[in-house]
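Beneath this line is the structure, given in structure tokens, with notes to follow.
The values are calculated or read from the model by the stated rules, or taken from the named source; none is laboratory data. Bear in mind that the values here come from a model prediction, so they are computed numbers and not experimental data. Every residue, glycine among them, receives a Cβ derived from its backbone with ideal geometry; neighbour counts consider all protein chains shown. For accessibility, only protein heavy atoms count, side chains too; no ligands or nucleic acids. Shrake-Rupley method; radii C 1.70, N 1.55, O 1.52, S 1.80 Å.
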Amino acid sequence: MSSKRKADEEKLRRRRMVRFRFRCLIRTVMCNNYWLSELPKQELGENTRRNIAIKTRRKGRKGLLTIMEKAIMNQEAADRTPAQRAQLCAIFEKLDCLARFPPEVREELASCARYQYLGPGRMVLREGHEAHAVYFVLNGEITVSRLWWDPVYKRHVDIPCGVRVPGEMFGEIAFLYDCRRTATCTTATDTELLCVFREDFVRILEATLRLQWELMQEAIRRFQYFDHWSEEQIRECCILAKVNRYEPQQQIAGADTGFNTEYAYFVLSGQCMILQCLKVKKKRRGQRDCFHLLPIEGNNIQLKIAERLTKRRDSEVLESVMPSNLKESLANAVRSGSCEDQNGSLELKPDESLEHIFLDVGSFSCGSVFGLGEKFEDRTIVARNHVQCMLIPRYWLFMKNQNTGNVWQRIKMYLELAIPDREKLFKQYLTDLNWMVYRKRVVTEVIQRQGRHSNRTRLADVPLMCRVEQNGQRK
């Protein structure tokens, strides 16, 4: 009887263990469904070459790492073979978040870095908690927020103050300053992270990061704008700022690089060229070329609004509730924009042509600042030589604590007054062009006049004082 009871208990225990393992498997698949879905689903067929290609093909990746590479990084450091470490080291060389570290540091990280996946809405760090690890963003987006005291509701409010994107790291401030977490980091999307724990951080990364931190602080203190900042402001600026290097003739900022919205640029070394593009319509009248400055593309906001409204299904309903003055302004915008077709190309007559004129407006040298929101219409900043710029997010720079006396608005107004606008540059271009035409015509007339009347001047016609020889040389 007892043996039967033991057998039943053993059978029940096995069933429970199977059920427990199945539940663990289901939870694991649910947690890692984001990157497990990249497994190839191609079936093998009768074509041998195709089957071999499917088997030997590198598995597709969702993000920067393949499943096999993630599996290696999920192993314990002691279980990783030298071949696996070499494979991870080769992968780390291609990651933007580890590009600023020397090769020996990446080799050390290959033996201790761990892979971690988090779904959207997961909290990675919490402000005020103890620090245990530092993170590198491989894929996804991290929202950074801080607790601010709300005087209206008399409580602390979690306010977003930045983001972390692939290629950036976070969590190192608590280690460098030996303090608790200074901000809360939450995943905004499906995110893949590289995790380095405290012991490995102190052994591998602390010396390099502390040196880079000191260099960033030195770069900040080179500008007099930051003399009144506190240590906390400088520390936060070091977190948000970054230093970029540009090769000669490389584009630094422009309309297609987020120049007007993201960063303010502080020149640390080198010179930057302000390159202005003028889109003009050229027409031949007699023996002269006439130019007409065209408006900036995509700057007619009312025309865009009108086009969007007319494409909506409920355009008739919107038109019925729209004020009369807005209807007239949108109608005028459509009529003024009728010279361009749906593709945005300008309709030209047979005797007209479209030209783009590029002008060198000026330079930003060491110590200059730009990108504060000034009107850079159809302008691009290009490096004249090797340039280093410190980039600080504008949203943070324009906060009240960092904008004492509206210093950044005043610098912005000065730049707009000092740098000519498109109309002034176009008028100066026409003046210079007319001068070049006039000079060429005068030179041509002088040459033709000399050709008709040959110069018959003899040596005797030259005054004696012009032919006096002194020290064996003729003056």
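Residues that are closer than 22 Å to residue 165 by Cβ and either open to solvent by 40 Å² or more (accessible area, probe 1.4 Å) or of a type in the set (S, T, N, Q) (or both) within segment 125-154 comprise 126, 127, 139, 141, 143, 145, 146, listed in sequence order. Candidates 235, 181: the one that is of a type in the set (Lys, Arg), surrounded by 15 or more Cβ atoms within 10 Å (Cβ to Cβ) and part of a loop (DSSP other than H, G, I, E, B) is 181. Whether a residue is open to solvent by 30 Å² or more (accessible area, probe 1.4 Å), in contact with a strand residue (DSSP E or B) (Cβ under 7 Å, 6 or more places away or on another chain), in contact (Cβ under 8 Å) with a residue 12 or more places away in the chain and closer than 16 Å to residue 205 by Cβ was assessed, and residue 122 does not pass this test. Among the residues of segment 75-91, the one identified as outside any loop (DSSP other than H, G, I, E, B), out of contact with any Asp or Glu (no Cβ under 8 Å at 6 or more places or on another chain), surrounded by 12 or more Cβ atoms within 10 Å (Cβ to Cβ) and not aliphatic (A, V, I, L, M) is 84. Within segment 141-158, the set of residues being touching a Leu at 6+ places or on another chain (Cβ under 8 Å) and not charged (D, E, K, R) comprises 156, 157. Only one entry of 196, 202 meets the criterion of being buried (at least 16 other Cβ atoms within 10 Å of the Cβ) and not in a loop (DSSP other than H, G, I, E, B), and that entry is 196. Residues in segment 414-429 that are closer than 24 Å to residue 263 by Cβ and loosely packed, with under 13 Cβ neighbours inside 10 Å: 414, 417, 418, 421. Any residue that is among the aliphatic types (A, V, I, L, M), over 30 Å from residue 291 (Cβ atoms) and open to solvent by less than 50 Å² (accessible area, probe 1.4 Å) - is there at least one of those in segment 402-411? Taking every residue of segment 402-411 in turn, at least one turns out to be among the aliphatic types (A, V, I, L, M), over 30 Å from residue 291 (Cβ atoms) and open to solvent by less than 50 Å² (accessible area, probe 1.4 Å).
Looking at 298, 286, 258, 254, just one residue is at pLDDT below 80, buried (at least 17 other Cβ atoms within 10 Å of the Cβ) and of a type outside the set (A, V, I, L, M, F, W, C), and that residue is 254. Each residue in segment 92-146 was checked for being part of a loop (DSSP other than H, G, I, E, B) and within 23 Å of the chain's Cα centre (by Cα), and 8 pass.
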